[in-house]
Amino acid sequence: MTKIIAMIPARYAATRFPGKLMQDLAGKPVIVRTNEAALKTKLFDEVYVVTDSPVIFDAIIKEGGKAIMSKEEHECGSDRIAEAVSNMEVDIIVNIQGDEPFTDKESLVSMLEVFENDLNEEIDLASLMTKITDSDEINNPNIVKVIVDNRDFALYFSRSAIPYLRTTEMDINYFKHKGVYAFRKRALMDFRSLPMLTLEAAEKIEAIRYLEYGKKIKMVETEVNGIEIDTPEDLEKAKEVWN
């Protein structure tokens, strides 16, 4: 039987909104609300928050959740999760972002179905993308875009607008990459042992490392945009939606 767990990487420091995961959302910290949302899906054998922060660790434990303290410093969520699961017997690990308290079950189900249908284990990891049409979003370097082949395998991720539209006569779809992943354990362990290469370093997008080393990422389209809490304005929007 396939064992599937959720890991929520939770770093206290954040460039644009330090301490955002401990901000109040309807009486509880954002990270606690995200942990509750993951549990509520009932898709996982276990749900863990993995963090570098005693404050976040204590907040999760206080609410009856499961938390793991990182032993090392990590540049990205994949590395943090890889350390946490290295000695666990598990098949699929789902990375849920700590700043997404409105985690959507339907999208997660679609992403996990990818592995059920992958009889030859061709897919190393799966991730979510959503269509974007707003030109400000398309050109915003804080929003990661993805392009895929005709089987929805990722070709490249970028902070630039990809593909570049050389002629306005073409009807092109743009997709935003949502930072939710489902990994086979071996892909995650490989990621941890492989050094960062130039494209990942240039774009500051961890998904690129998988592509640079020939891993296959299956993208799953979702219409659910959700609310990622990256700024104080996002937090206010989340409070309005919650209420």
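Data table
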item: Cross-chain or 6+ apart pairs with Cβ under 9 Å, the range 49-66 first and without any contact (Cβ under 8 Å) to a residue 24 or more places away in the chain, then assigned to a strand (DSSP E or B) and of a type in the set (Val, Ile, Thr); result: PHE57/VAL49; PHE57/THR51; PHE57/ILE68; LYS66/VAL47; LYS66/VAL49
item: Identity of the residue in the range 22-58, assigned to a helix (DSSP H, G or I) and within 15 Å of the chain's Cα centre (by Cα), that ends up surrounded by the fewest Cβ atoms within 10 Å (Cβ to Cβ); result: ALA37
item: Selection from the range 5-21 of residues that are outside any helix (DSSP H, G or I) and within 15 Å of GLU100 (Cβ to Cβ); result: ALA6, MET7, ILE8, PRO9, ALA10, ARG11, ALA14, PHE17
item: Some residue of the range 70-90 being within 19 Å of PRO29 (Cα to Cα) and either outside any loop (DSSP other than H, G, I, E, B) or of a type in the set (Asp, Glu) (or both); result: no
item: Residue selected from the range 118-177 under the condition in contact with a Phe, Trp or Tyr (Cβ under 6 Å, 6 or more places away or on another chain) and of a type in the set (Val, Ile, Thr), by the criterion farthest from GLU200 (Cα to Cα); result: ILE132
item: Breaking point among (1) more than 16 Å from the chain's Cα centre (by Cα); (2) closer than 19 Å to ALA182 by Cβ; (3) assigned to a helix (DSSP H, G or I), for LEU112; result: (1)
item: Residue ID - modelled with the highest pLDDT, chosen from residues in the range 37-52 that are hydroxyl-bearing (Ser, Thr, Tyr) and in contact with a strand residue (DSSP E or B) (Cβ under 7 Å, 6 or more places away or on another chain); result: TYR48
item: For LYS178: the one exception among (1) out of contact with any Lys or Arg (no Cβ under 7 Å at 6 or more places or on another chain); (2) surrounded by fewer than 20 Cβ atoms within 10 Å (Cβ to Cβ); result: (2)
item: Search result, residues across the range 227-243 that are surrounded by 14 or more Cβ atoms within 10 Å (Cβ to Cβ), out of contact with any Pro (no Cβ under 9 Å at 6 or more places or on another chain) and outside any helix (DSSP H, G or I); result: GLU228, ASP230, THR231
item: Residue within the range 157-166 that is β-branched (Val, Ile, Thr), surrounded by fewer than 20 Cβ atoms within 10 Å (Cβ to Cβ) and touching a strand residue (DSSP E or B) at 6+ places or on another chain (Cβ under 9 Å) present; result: yes
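Table: residues versus (1) under 19 Å from ASN225 (Cβ atoms); (2) in contact with a helix residue (DSSP H, G or I) (Cβ under 7 Å, 6 or more places away or on another chain).
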position	(1), (2)
ASN139	yes, no
ASP152	yes, no
SER160	no, no
GLU200	no, yes
ARG209	no, yes
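The values are calculated or read from the model by the stated rules, or taken from the named source; none is laboratory data. Because the structure is a prediction, the values reported are computed rather than measured. Don't worry about glycine lacking a Cβ; one is built from the backbone with ideal geometry, like all the others, and counts go over all protein chains shown.
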